[in-house]
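Below is one structure; the comments refer to it alone.
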Amino acid sequence: MTQRTRRDFLKVSAGSAGMLVAAPALLDAVDAGRPTGYAGNDLVPLGRTGIRVSRLAQGTGFHGGRGSSDHTRMGQEAFERLVRHSVDEGVTFMDMADSYGSHPYVAKALRDVPRDKVVLSTKLWPRPAEWITPSGGAKREVDRFRSEMKTEHLDVCLIHLMRDAQWPTEFERIRDELSELKESGDVGAVGVSCHDLGALKVASTHPWVDVIFARINYKGGSENRCDGPANEVAAVLKTARRNGKAVVGMKIFGGGSLVTPEERDASLQFVLGSDLVDAMTIGMKSPTEVDDNLARMARVRAA
């Protein structure tokens, strides 16, 4: 396995007018001589965690919930082709969650890949639901996750879907047990995924948080699966990064609302070019989508 098998292709793509449709106001005025700075298969630091990840993560939870997603519903064979293609192209950051049901699918897809060549990130569902009865802590869940993923160590484990600013108190036991698991080496880094601006603001300053998964795209607003206007969310993410938090952007394409080439390019330029995130996760469902996103990311330039 090599992590940069598409490097030459990406360089050609970035310079070929017919390969991609760019957002003219954002991309065309850039000096063509400047180097590409945001390749999706570059390995980059994940905040101050000591973990290095591919800048682009393979999401596994498109339309996910209650233990399944579009990714798991495609079946193991198709899922495996997708994940192995991503890894072969250097997308080695795997974004999972218990609510997606993706742990065993990823484990099978990566069974022949050396463990130190991939980063495994998942999310713990903290609330009782029809499909799950949480323990109230994290140790039982993490033990199960490690068994499902056939690994002794999770690189990142988050509390999933924080919906208000009270999450540190509401999920104190989960935080405490994740801290113990981090201290024992069973988990590398801890944090939250946020679906609320108040929750995100708390996460941006809270000393417990190593990693934040945050919804961000250039249009913002609830209609684009963002937790506020784009400029407000961006300001919070900059605060988080100044505080040493790792930020992984999600809903870069609005969970499916930003579909045109121009919209996709504009959102990538806004999120990466404005230095809002360390990395991003996109729920790519085919090798073609993986290739397309890598090529588009190669077009992004620093603001």
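The values are calculated or read from the model by the stated rules, or taken from the named source; none is laboratory data. Because the structure is a prediction, the values reported are computed rather than measured. Positions of Cβ are backbone-derived with ideal geometry, glycine not excepted, and every protein chain shown enters the neighbour counts.
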Give the residues of segment 206-225 that are over 21 Å from residue 253 (Cβ atoms) and in contact with a helix residue (DSSP H, G or I) (Cβ under 7 Å, 6 or more places away or on another chain), sorted by residue number.
206, 208, 209
Failed condition for residue 302, given (1) surrounded by fewer than 20 Cβ atoms within 10 Å (Cβ to Cβ); (2) closer than 26 Å to residue 65 by Cα; (3) touching a residue at least 60 places away in the same chain (Cβ under 8 Å), with all others met?
(2)
Would you mind telling me which numbered condition in (1) out of contact with any Lys or Arg (no Cβ under 8 Å at 6 or more places or on another chain); (2) assigned to a helix (DSSP H, G or I) residue 181 fails?
(1)
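Within segment 217-266, can you find the residues that are of a type in the set (Val, Ile, Thr) and either exposed (fewer than 15 other Cβ atoms within 10 Å of the Cβ) or more than 19 Å from residue 294 (Cβ to Cβ) (or both)? Break it down stepwise before answering.
Initial filter on segment 217-266 (of a type in the set (Val, Ile, Thr)): 233, 236, 239, 247-248, 252, 259-260.
Those that are of a type in the set (Val, Ile, Thr) and either exposed (fewer than 15 other Cβ atoms within 10 Å of the Cβ) or more than 19 Å from residue 294 (Cβ to Cβ) (or both): 233, 236, 239, 247, 259, 260.
Matching residues to (1) of a type in the set (D, E, K, R); (2) at pLDDT 95 or above; (3) more than 20 Å from the chain's Cα centre (by Cα); (4) surrounded by 21 or more Cβ atoms within 10 Å (Cβ to Cβ):
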| position | (1), (2), (3), (4) |
| --- | --- |
| 170 | yes, yes, yes, no |
| 192 | no, yes, no, yes |
| 198 | no, yes, yes, no |
| 201 | yes, yes, no, no |
| 212 | no, yes, no, yes |
Cβ-Cβ below 6 Å, separation at least six or inter-chain, first residue in segment 265-294 and under 16 Å from residue 44 (Cβ atoms), second hydroxyl-bearing (Ser, Thr, Tyr) and not in a helix (DSSP H, G or I): which pairs?
272/38
Any chance you could count how many residues in segment 156-171 are more than 24 Å from residue 143 (Cβ to Cβ) and either touching a strand residue (DSSP E or B) at 6+ places or on another chain (Cβ under 7 Å) or of a type in the set (Gly, Ala, Ser) (or both)?
1
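In segment 152-173, which residues are under 26 Å from residue 45 (Cα atoms) and either among the hydroxyl-bearing types (Ser, Thr, Tyr) or assigned to a helix (DSSP H, G or I) (or both)?
168
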Collect the residues in segment 184-220 that are part of a strand (DSSP E or B) and charged (D, E, K, R), keeping them in residue-number order.
215
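Out of the strands (runs of 3 or more DSSP E) lying entirely within segment 43-129, which hold 2 or more residues that are modelled with pLDDT of 95 or more and of a type outside the set (A, V, I, L, M)? Give the steps one after another, and end with the answer.
Details: elements: 43-45, 52-54, 56-59, 93-95, 119-124.
Result: 52-54, 56-59, 93-95, 119-124.
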